[in-house]
1. Among the numbered criteria (1) assigned by TED's automatic domain parsing to the domain that holds I171; (2) crowded, with 18+ Cβ neighbours inside 10 Å; (3) not in a loop (DSSP other than H, G, I, E, B), which single criterion is violated by G273?
2. Examine region 244-253 for a residue that is in the same structural domain as C148 (by TED's automatic domain parsing), surrounded by 14 or more Cβ atoms within 10 Å (Cβ to Cβ) and under 17 Å from A137 (Cα atoms), and state whether such a residue exists.
3. When the residues of region 325-357 are filtered to those that are free of Cβ contacts under 8 Å to residues at least 24 places away in the same chain and charged (D, E, K, R), which remaining residue is surrounded by the fewest Cβ atoms within 10 Å (Cβ to Cβ)?
4. Within region 329-344, how many residues are touching a helix residue (DSSP H, G or I) at 6+ places or on another chain (Cβ under 8 Å) and either aliphatic (A, V, I, L, M) or assigned to a helix (DSSP H, G or I) (or both)?
5. Consider region 152-189. How many of its residues are surrounded by fewer than 19 Cβ atoms within 10 Å (Cβ to Cβ) and aliphatic (A, V, I, L, M)?
6. Picking from E206, E276, E227, which residue would you name as being modelled with pLDDT of 95 or more, over 27 Å from the mean Cα position of the chain (by Cα) and of a type in the set (D, E)?
7. Taking the conditions exactly as written (surrounded by fewer than 20 Cβ atoms within 10 Å (Cβ to Cβ) and not assigned by TED's automatic domain parsing to the domain that holds H88), does T282 satisfy them or not?
Amino acid sequence: MLIGVPKELKNHEYRIGMTPSGVAELIADRHIVMVEKDGGSAVGFTDEDYLSAGAAVVDTAEEIFDRAELIVKVKEPQPQECKMLRSHQTLFTYLHLAPDPEQTRLLIASGATCIAYETVTSVDGSLPLLTPMSEVAGRMAAQEVAHCLEKAQGGKGILPGGVPGVPAANILVIGGGVVGINAARMAMGMGAQVTLADRSLKRLQEIDTWFGGRLQTVYSSRSNIEELLPRIDAVIGAVLVPGAAAPKLITRGMLGLIKPGSVLVDVAIDQGGCFETSKPTTHEDPTFTINGIVHYCVANMPGAVARTSTLALTNVTQPFVTALANQGVLKALTNDPHLMAGLNVHNRRITLQPVAQAHGYEFVEPRQALESKNPGENS
């Protein structure tokens, strides 16, 4: 199989979809790999590294999109990339389609098979290709709270851990999944007072067992959150509904309960954000202020620590890339129900129900889509 790895286009996105060691594995299995020039240079992987691994280094993304059968990326394709996709190709990357009608429309129009990292599942029901980036984003969220609380950044001028005689910051983490646990752990490590809210009592019991009295837990109801907001210095939004748009847990009206100089970090922004006032920002211009409240809503947070993120991501994506290449895309999907769960678009049909619901498309079961012809084909 001919596999292509283009350079990422998103603002300050330095990750790359495959490492030289991953390329070497595919070359050993007699596949052909093309990598765009300087695609991994920002994370310490030179063109010479890829050449030594057996890849061909090409000058432009256009050559990759023109020739590759399987395209491996990190972030969702930008419009110009979507328009280069063709029906014989498979795209394997993060997609986050539920809050993105334009990308959804363009991927349907391309006819390509599109598999999303974030909806691939595992035996235990977790999301193995999302987990490492959730770990990174959660840990970064606490760092960004600390930075944004600085007075020069528009914050209250509070040190998260305080000092002897001066209280620590109060941080609310909404969501007890991978992001939330990592955010809470880092914030507690800074010495902050942390409260974690979640709607699963079982999950809250687990978290209480892990952290004991060092972490406060609360059931995530609107009234409980409203009661907490007046004394909170920062909120980290860490909720996830797999494949679907994030629920809005803090409304515009609730901002009136939050003191000016407080910070909202919306880690769910890739899925549309969990604060009503959120809008995607970039590493170049990461924050904006509403009612004196600093919002941090960078849509590719792990890209800031690109080497760590690339290594963590490719550790988990490589076995799936190998399966797609060795077995062929359709057979790999059919043989692995967990990879099949990652199928979002095939034969110009939406094969993930939350995406179909979000944009008003007909939902087609993945196996049915794999067995059917393109709309409009003659029988």
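The values are calculated or read from the model by the stated rules, or taken from the named source; none is laboratory data. Note that the structure is predicted; figures quoted are calculated from it, not measured. Every residue, glycine among them, receives a Cβ derived from its backbone with ideal geometry; neighbour counts consider all protein chains shown.
1. (3)
2. Yes, there is a match, as at least one residue in region 244-253 is in the same structural domain as C148 (by TED's automatic domain parsing), surrounded by 14 or more Cβ atoms within 10 Å (Cβ to Cβ) and under 17 Å from A137 (Cα atoms).
3. This residue is K331.
4. Adding up the residues that qualify gives 9.
5. The total comes to 4.
6. E227
7. Working: surrounded by fewer than 20 Cβ atoms within 10 Å (Cβ to Cβ): yes; not assigned by TED's automatic domain parsing to the domain that holds H88: yes.
Yes.
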